1. Considering every residue within the range A:340-363, establish whether at least one is surrounded by 21 or more Cβ atoms within 10 Å (Cβ to Cβ) and at positive phi.
2. Within the range B:302-320, is even one residue crowded, with 20+ Cβ neighbours inside 10 Å, at pLDDT 95 or above and touching an Asp or Glu at 6+ places or on another chain (Cβ under 7 Å)?
3. Output the residues belonging to the range A:118-134 that are open to solvent by 30 Å² or more (accessible area, probe 1.4 Å) and either within 14 Å of chain B (Cβ to nearest Cβ) or under 17 Å from B:LEU3 (Cα atoms) (or both).
4. Could you say whether any residue in the range A:240-251 is crowded, with 24+ Cβ neighbours inside 10 Å and assigned to a helix (DSSP H, G or I)?
5. Has the range A:285-306 got at least one residue that is among the aromatic types (Phe, Trp, Tyr) and either under 28 Å from B:PRO33 (Cα atoms) or open to solvent by 10 Å² or more (accessible area, probe 1.4 Å) (or both)?
6. Check whether at least one residue in the range A:297-307 is part of a loop (DSSP other than H, G, I, E, B), of a type in the set (Lys, Arg), at pLDDT 95 or above and out of contact with any His (no Cβ under 9 Å at 6 or more places or on another chain), and report yes or no.
7. Mind checking which residues of the range A:165-194 are touching a strand residue (DSSP E or B) at 6+ places or on another chain (Cβ under 8 Å), in contact (Cβ under 8 Å) with a residue 24 or more places away in the chain and open to solvent by 30 Å² or more (accessible area, probe 1.4 Å)?
8. Quick check on the range A:343-351. Is at least one of its residues in contact with a Gly (Cβ under 8 Å, 6 or more places away or on another chain) and part of a helix (DSSP H, G or I)?
Amino acid sequence: MSNAVLASDRPGSAPITQERGQRAVFCGLTSIIWLHRKIQDAFFLVVGSRTCAHLIQSAAGVMIFAEPRFATAVLQDRDLAGLADANEELDRVAAQVIARRPEIKTVFLVSSCPSEVIKLDLANAAQRLGEKYDGRVRFIDYSGSGIETTFTQGEDSCLESLAAKLPADDSGEPALMVAGSLPDIVEDQFARLFEQLGIGPVHFFPARSSTAMPPVGPNTRLLLAQPFLGNATRALEKRGAKLLKAPYPYGAEGTTAWLRAAADAFGVAPGHFEQVTAAPRARAERALEAPRERLTGKRITFLPDSQMELPLARFLQRECGMELGEIGTPFFDQQTMAAELPLLPEGVRITEGQDLDPQLDRVRAARPDLTVCGLGIANPLESEGLRTKWSIELVFTPVHGYDQAGDLAGLFTRPLARQDMLEV
Amino acid sequence: MELTFWTYEGPPHVGAIRIANSMRGVHLLLHSPQGDTYADLLFTMIERDRKRPPVTYTTFQARDLGSDTAELVTGTLQSTVDRFRPSVLLVGDSCTAELIQDQPGTLATGAGLDVPIIPLEMLAYSRKENWGAAETFYSLVRGLLNRQAPEPGWTRPARPQGQRPKVNLLGPTSLGFRCRDDIIEVQKLLESVGVVAPLGASPQDLLRIPEADANICLYPEVADTTCAWLQRTFKQPTISTVPIGVGATRDFLQELAETLGLTECEVTADAVCRLPWYSRSVDSTYLTGKRVFIFADATHALAAARMAREELGFEVVGLGTYSREQARAVRKAAKDYGLEALITDNYLEVEKAVAELQPELVLGTQMERHIAKKLGIGCAVISTPAHVQDYPARYSPQMGFEGANVIFDTWVHPLVMGLEEHLLTMFRDDFEFNDDKVPSHLAAVGGTSHRPAEAPAAEGADDAALRWEADAEKELKKIPFFVRGKARRNTEKYAMERGVAAINVETLYEAKAHFSR
Ligand code: SF4
Ligand code: SF4
């Protein structure tokens with residue numbers, strides 16, 4: 001397939017190669033697995049096929065024990081043949097959901113490839129249903145389809161849609177918005193740090209409750225906690241928010257730079273910043289000592305998956321001493337990667353998009369010590385004697401911030417430690 | 001539209017991938033968007049396959065829709081054939097591709113590739129995974145064998161004197177439930193086996209199918225259509241007893257002998273199977289009348305019901321399947337047990353049935369495992385959909401005599417054992433030995449954390465008309481947890497039938513006497 005080459009914005013470094021071919025990635029529906037845990041009074045209703053339903057339950061790996069706050073309205077032959085009125089059908093299914101879960105405050109109508117190809121207008125449906133359940137339940141549509149979104153872009157698309165509906169903040173008082181779902185425990189750690197720094201008010205987006213989504217306005221300073229929010233960022237900018245340029249909060253260095261971007265925007269005195277961050281930063285550095293020993297000099301390759309690849313590569317190279325092989329990313333966004341790119345070593349190979357089989361050939365030829373890849377490919381590579389790390393775990397486990405720096409590194413040391421232990 | 005929380009089966013094209021992944025030399029080109037590649041992990045993570053399934057996905061995106069997705073198919077076809085050099089290429093659509101109607105099968109047939117093409121029609125909006133597997137297997141067998149089909153009216157010549165009969169084993173697949181071990185176990189019962197397919201077969205092997213004297217339809221969900229076609233076309237009789245359980249294995253051997261015109265069959269269960277003796281052993285007395293709920297694919301549900309009743313002495317209190325294609329057989333069997341079959345692919349309905357029936361054991365899929373866990377009922381998985389722990393390292397067939405042994409152990413394990421049952425009742429006030437504790441052999445399964453909240457009362461029992469007096473409630477608590485739900489249910493039923501508004505200790509024991517068996 002065609003390998004178009006982009007002009008580089010990093011003098012002296014390798015260009016970003018674009019690839020087109022077979023991709024081995026999840027679609028955006030996958031992000032429902034963590035979004036529905038994060039926003040606890042919301043329900044995610046996918047309008048799609050049996051494939052969509054099967055994807056979500058398979059990607060989650062296990063059934064979630066409690067009754068899930070997501071479901072799929074599976075399109076049937078009669079829906080496609082036009083025998084059933086799509087609006088009536090949606091109304092009926094939505095009523096079923098609301099009857100089952102009366103405590104739900106927001107229903108996300110999530111479009112899929114099939115619903116988009118037959119041009120089911122979920123925006124319209126959301127509007128209509130919103131009026132019908134006036135005040136009781138809100139309806140918000142977004143795309144999680146595989147033809148539009150890759151894996152984590154599902155969250156991007158969800159937040160983009162939410163961004164347009166956030167309350168306006170015209171207080172004129174500066175406020176910090178931290179965007180991207182974080183595990184509650186990490187969110188609480190960051191909230192404490194911002195408070196100690198004297199930064200406030202701080203709003204996390206998405207909020208834990210769909211009815212308490214943060215306000216946005218020209219006074220909003222936007223700090224991205226997740227690297228996959230390009231479209232949401234632009235939607236928030238449209239509402240007036242100013243994006244703070246920062247690397248992502250992985251590791252001691254990343255977290256410090258990330259916090260500093262906020263501190264600078266809020267005029268926190270350098271001495272005070274130092275005082276607040278010194279202890280947790282030292283803790284993070286200490287936690288990284290042991291993993292660094294194991295990771296130093298080891299070579300790592302990333303297959304495209306979550307858009308977390310560049311920041312993770314930066315962390316592993318700069319703070320854990322790893323050597324970088326090819327870094328694949330499903331999508332490269334100049335704006336959200338602006339502070340990461342300069343931190344990567346010169347000459348590193350970045351590939352945007354995917355052509356699976358040739359890429360696997362390159363992995364086999366390079367035989368890195370560790371390959372970060374999707375669940376479907378991990379065991380096949382392992383069986384060829386290559387160590388792997390499933391990328392989905394990086395999205396599901398708390399990895400951001402000072403107190404998770406050691407855990408984050410640990411995700412990469414474990415496969416290597418295991419290799420050393422096993423004698424079979 | 002159909003509201004779906006969890007699904008028992010994937011879409012039909014996942015069935016097609018199962019067939020491709022079962023075989024050697026078969027590759028599947030699937031016209032589909034990128035997210036559909038999740039199917040890889042079913043094989044590499046659940047079944048722990050060492051290789052990616054032999055599938056190439058076109059992974060078209062929205063921007064391709066505007067231009068030419070058909071071109072993408074054509075390009076992918078060529079590169080797939082060049083890279084994988086399959087003996088046969090299957091070509092199909094996933095749900096989204098079915099809508100854009102590029103007809104990849106037709107494109108492939110017309111592309112002048114030097115490999116046989118089998119186009120697949122997957123009907124994503126009305127059919128499901130098992131149907132997809134059956135249809136793919138059928139298309140493949142028919143596509144390859146059509147050319148050697150004899151004239152209509154042809155009759156199969158009798159097997160020459162002295163030639164050993166040969167049978168094919170059809171239906172085992174990748175991701176099927178214990179297929180890997182079943183085919184080994186079934187082959188132990190047979191003198192000479194022709195082709196085993198699709199699992200482990202090559203397209204060349206399929207060409208030899210007509211040589212055998214009969215086909216064993218091991219998994220009707222997958223092989224029914226194919227066996228019927230082979231019977232029509234090549235006059236090969238189908239052996240349709242599925243040998244799960246001692247009785248069914250005997251029947252299977254009987255059917256085999258009759259079909260092949262063999263006079264005797266020397267294998268007897270007692271020689272090789274421990275189940276009959278274990279089930280008669282006195283310690284098994286406590287198994288008598290254990291109430292069991294069964295929900296699975298039709299093959300395994302039917303087999304489990306028969307075994308439960310005839311070979312373990314359980315009482316079957318619920319029987320159902322998610323396989324609508326095989327619903328009729330399950331309905332009929334349920335009737336024989338005095339039950340109405342539960343035919344549904346909505347796990348919420350299954351959950352409701354289990355909660356109402358309060359069985360002592362649930363035999364089901366991974367869905368039922370979750371339901372049972374939630375309700376604090378013992379469970380064994382007997383069918384797909386199954387999880388990684390149901391693809392065990394050890395040899396653990398379900399079929400044949402060893403399969404019966406495996407099943408005996410598996411089903412008995414989650415139950416509270418005989419003596420323990422008595423001890424629990426006797427020492428129910430012992431603070432360390434009471435029914436908040438899990439059976440000791442299950443402690444590792446998660447301590448007491450799975451002990452459910454009090455089992456939900458029967459339908460209608462929350463009716464204000466029915467009230468438990470404090471002493472009766474207290475007495476109920478003394479009944480061990482594994483029968484408490486049933487006791488509550490029976491008492492309420494008894495009270496309602498008699499218009500008793502307040503349940504006291506008397507009512508409790510009246511009901512106990514009434515329902516005692
Ligand atoms: S890629 Fe499209 S069709 Fe496939 S699961 Fe995702 S949304 Fe559904
Ligand atoms: S659970 Fe333990 S104690 Fe109870 S019968 Fe089994 S082995 Fe004996």
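The values are calculated or read from the model by the stated rules, or taken from the named source; none is laboratory data. Since we're looking at a predicted model, the values are computed, not measured. FYI the Cβ positions are ideal-geometry reconstructions off the backbone, even for glycines, and counts take in every protein chain you see. Remember, those area values only see protein heavy atoms, side chains included, never the ligands or the DNA or RNA. Shrake-Rupley method; radii C 1.70, N 1.55, O 1.52, S 1.80 Å.
1. Looking for residues that are surrounded by 21 or more Cβ atoms within 10 Å (Cβ to Cβ) and at positive phi, one finds at least one in the range A:340-363, hence yes.
2. No, there is no match, as no residue in the range B:302-320 is crowded, with 20+ Cβ neighbours inside 10 Å, at pLDDT 95 or above and touching an Asp or Glu at 6+ places or on another chain (Cβ under 7 Å).
3. A:ILE118, A:LYS119, A:LEU120
4. yes
5. Looking for residues that are among the aromatic types (Phe, Trp, Tyr) and either under 28 Å from B:PRO33 (Cα atoms) or open to solvent by 10 Å² or more (accessible area, probe 1.4 Å) (or both), one finds at least one in the range A:285-306, hence yes.
6. Yes, the range A:297-307 contains at least one residue that is part of a loop (DSSP other than H, G, I, E, B), of a type in the set (Lys, Arg), at pLDDT 95 or above and out of contact with any His (no Cβ under 9 Å at 6 or more places or on another chain).
7. A:LYS165, A:PRO167, A:ALA168, A:PRO174 - these are the residues of the range A:165-194 that are touching a strand residue (DSSP E or B) at 6+ places or on another chain (Cβ under 8 Å), in contact (Cβ under 8 Å) with a residue 24 or more places away in the chain and open to solvent by 30 Å² or more (accessible area, probe 1.4 Å).
8. No, there is no match, as no residue in the range A:343-351 is in contact with a Gly (Cβ under 8 Å, 6 or more places away or on another chain) and part of a helix (DSSP H, G or I).
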